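I have placed the structure first, in the form of structure tokens, so that the comments after it can refer back to it.
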Amino acid sequence: MAFLDRIEDCRRFDPAGYRPFAVGGVKVGLVGHTFAARLKDFPRVFEVEAAGVRLNDRLADFDSRTRAVAEVLENLRAKGEIRGWRDEFYPVAVAFSAAPLMTLERAAVPLFGVLAFGVHLNGVVGAGPALRMWVARRSLSKPTGPGKLDQLVAGGQPTGVSLIDNLIKECAEEAAIPPDLARRAMPIGAVSYITARPEGLRRDVLFNYDLELPEDFAPDNTDGEVESFHLWPIERVIETVRDTDDFKFNCALVVIDFLIRRGLIAPDHPDYVELLRGLHG
């Protein structure tokens with residue numbers, strides 16, 4: 001196995017398996033053919049053709065679109081066709097900075113292949129040979145990646161909250177990091193990918209942060225999403241990402257980005273350029 005295997009895990013996507021999804025005449029996602037066929041049962045909301053899926057033109061504003069699609073999704077949820085329901089609403093837009101055209105239940109986002117965003121925090125202690133990284137093991141009850149390794153803090157980006165406010169909230173909920181310490185986190189870039197997963201098509205952008213933590217800091221999960229925390233020497237983190245798939249698929253990318261930035265994957269690594277390309281799919 002190699003670092004590049006983790007990149008490949010995040011770019012398994014065959015365009016032939018999808019058709020465009022449009023809202024208000026704007027392409028915002030990609031819908032798999034099987035799910036597109038299912039949406040034919042709701043013609044007052046979705047217009048389904050071989051060339052694509054679009055919202056019915058009568059749904060011409062943010063509120064009417066959100067309500068109409070929510071009713072369809074509740075119907076499918078009641079029939080057991082949408083799993084991992086979160087009661088979290090994500091914006092549907094062509095870019096992070098664009099005005100949302102509607103919102104969508106988080107569990108359904110991959111079914112429509114719309115852009116989704118998140119925040120990930122690398123929590124580190126020490127420097128140089130003494131560098132260590134906090135690693136979280138996800139709860140076995142998580143709908144995606146149960147039991148997989150994760151960043152110290154990570155969470156999706158819902159509608160109506162800023163990135164930094166979301167990060168501070170996630171820090172408190174997932175690791176009991178106080179707000180004054182969380183605000184010291186440094187934004188250091190983003191990774192992105194398009195990959196087919198069991199839950200649907202993931203088109204994600206993860207905004208990444210580094211936070212240097214004091215030696216005496218000990219995380220404590222308060223929302224039940226983390227099974228355990230471990231403070232690992234960076235060499236163990238490197239070996240785990242390189243040689244196993246123990247990290248959740250997208251969390252491995254965040255670690256690789258960290259290792260490149262810190263010079264722990266050097267420019268003379270044979271896959272260096274390909275790794276850089278792969279972090280921005």
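Observations on the structure shown:
- The set of residues in segment 76-117 that are over 23 Å from residue 41 (Cα atoms) and surrounded by fewer than 15 Cβ atoms within 10 Å (Cβ to Cβ) comprises 86, 87, 95, 96, 97, 98, 99.
- Where a residue in segment 220-237 is without any contact (Cβ under 8 Å) to a residue 24 or more places away in the chain and farther than 13 Å from residue 176 by Cβ and its partner, wherever it lies, is open to solvent by less than 60 Å² (accessible area, probe 1.4 Å) and not basic (Lys, Arg), with Cβ under 6 Å and at least six apart: none
- Some residue of segment 120-130 being touching a residue at least 24 places away in the same chain (Cβ under 8 Å) and either acidic (Asp, Glu) or in a loop (DSSP other than H, G, I, E, B) (or both): yes
- Boolean, residue 19 is more than 13 Å from residue 112 (Cβ to Cβ) and either at pLDDT 95 or above or in a helix (DSSP H, G or I) (or both): no
- Subset of segment 35-59 (residues that are under 13 Å from residue 20 (Cα atoms) and open to solvent by 70 Å² or more (accessible area, probe 1.4 Å)): 49, 50, 51, 54
- Tabulated pairs, segment 37-56, first in a loop (DSSP other than H, G, I, E, B), second aliphatic (A, V, I, L, M) and modelled with pLDDT of 95 or more, C-beta under 6 angstrom, 6+ apart or interchain: 40/48; 42/72; 45/68; 45/72; 56/45
The values are calculated or read from the model by the stated rules, or taken from the named source; none is laboratory data. Bear in mind the structure is a predicted one, so any value in this text is a computation, not a measurement. Every residue, glycine among them, receives a Cβ derived from its backbone with ideal geometry; neighbour counts consider all protein chains shown. The protein model used for the area step is the full one, side chains on, heavy atoms only, and it has no ligands, DNA or RNA in it. Shrake-Rupley method; radii C 1.70, N 1.55, O 1.52, S 1.80 Å.
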